[in-house]
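Asker: Sending over a structure as structure tokens; questions will come in a sec.
The values are calculated or read from the model by the stated rules, or taken from the named source; none is laboratory data. Computed from a predicted model, the values in this text were never measured in an experiment. Glycine also receives a Cβ, built like all others from the backbone with ideal geometry; neighbour counts cover every protein chain displayed.
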Amino acid sequence: MTERTGAGDSNTAVASDPADDDPRLAFIYQEAVRGLNHQQNLVENMNTRAGSLIFATAFVNSLLGARALSDGLGLWDWIAVALLFGIGGLIVFLLWPYHKYTFRFDPEELLHHYVDGDRPLKISAMQRALALRIKADMASNWRIIQRLRVALQIALVLLLFDILAWLFAIAGV
């Protein structure tokens, strides 16, 4: 269905030719958007996991640390405290606000490139161009996500070593 406006109206709608709409491009575009949404969910899940890591670290260090430090400071106590600071640094890295993620398009830029330009594009051409842009955005986002994933894994390993250090301190090894 095309929209028709008066001749004096500056916001005339550009009609898309139904023959130009390629359902394959629409499908590819939808899959690209779905992939980008999946990436955004990954980032949100990692933030949730970082919050869980904060809780687990606080719980372990308050429970085991209080018991271990009641006997004074030993080598294992210092190792556990150093590991605690390492975990804390990684948590800050995980939760630091990144502004280089690209999960959305700028509407003004879309209007400028695809509608208000010299040659407005048909919907299938827009979907093709935006699907390729989403692919580039996903690659850029993935580099950040990979760094965060590695930091989370290292923090979890440090938490295990932290628990062991506190247990060794309690045991007097």
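Asker: Going by the structure shown, is Arg67 surrounded by fewer than 17 Cβ atoms within 10 Å (Cβ to Cβ), in contact (Cβ under 8 Å) with a residue 12 or more places away in the chain and basic (Lys, Arg)?
Answerer: Spelling it out, Arg67 is indeed surrounded by fewer than 17 Cβ atoms within 10 Å (Cβ to Cβ), in contact (Cβ under 8 Å) with a residue 12 or more places away in the chain and basic (Lys, Arg).
Asker: Somewhere in region 66-87, is a residue of a type in the set (Asp, Glu) and more than 22 Å from Leu156 (Cβ to Cβ)?
Answerer: Yes, region 66-87 has at least one match.
Okay, residues lined up against (1) surrounded by fewer than 16 Cβ atoms within 10 Å (Cβ to Cβ); (2) at pLDDT 95 or above; (3) assigned to a helix (DSSP H, G or I); (4) of a type in the set (Gly, Ala, Ser):
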{"site": "Ala13", "(1), (2), (3), (4)": "yes, no, no, yes"}
{"site": "Tyr29", "(1), (2), (3), (4)": "no, no, yes, no"}
{"site": "Leu42", "(1), (2), (3), (4)": "yes, no, yes, no"}
{"site": "Leu73", "(1), (2), (3), (4)": "yes, no, no, no"}
{"site": "Leu83", "(1), (2), (3), (4)": "no, yes, yes, no"}
{"site": "Ile87", "(1), (2), (3), (4)": "no, yes, yes, no"}
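Asker: Here is a follow-up. Could you please give the count of residues in region 43-91 that are over 30 Å from Phe103 (Cβ atoms) and not aromatic (Phe, Trp, Tyr)?
Answerer: 25
Asker: Run down Trp142, Trp166, Trp78 and say which single residue is in a helix (DSSP H, G or I), over 28 Å from the mean Cα position of the chain (by Cα) and either hydroxyl-bearing (Ser, Thr, Tyr) or surrounded by fewer than 16 Cβ atoms within 10 Å (Cβ to Cβ) (or both).
Answerer: So the residue among Trp142, Trp166, Trp78 that is in a helix (DSSP H, G or I), over 28 Å from the mean Cα position of the chain (by Cα) and either hydroxyl-bearing (Ser, Thr, Tyr) or surrounded by fewer than 16 Cβ atoms within 10 Å (Cβ to Cβ) (or both) is Trp78.
Asker: Return the residue satisfying two criteria in turn: it lies in region 123-158 and is polar (S, T, N, Q) and in contact (Cβ under 8 Å) with a residue 24 or more places away in the chain, and of such residues it is farthest from Gly88 (Cα to Cα).
Answerer: Ser124
Asker: Take region 87-119 and flag every residue that is under 22 Å from Val33 (Cα atoms), in contact (Cβ under 8 Å) with a residue 60 or more places away in the chain and not aromatic (Phe, Trp, Tyr).
Answerer: Correct list: Val115 only.
Residue-by-condition table, conditions (1) assigned to a helix (DSSP H, G or I); (2) of a type in the set (A, V, I, L, M, F, W, C); (3) modelled with pLDDT of 95 or more; (4) crowded, with 17+ Cβ neighbours inside 10 Å:
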position: Phe103; (1), (2), (3), (4): no, yes, no, no
position: Glu108; (1), (2), (3), (4): yes, no, no, no
position: Tyr114; (1), (2), (3), (4): yes, no, no, yes
position: Pro120; (1), (2), (3), (4): no, no, no, no
position: Met126; (1), (2), (3), (4): yes, yes, no, yes
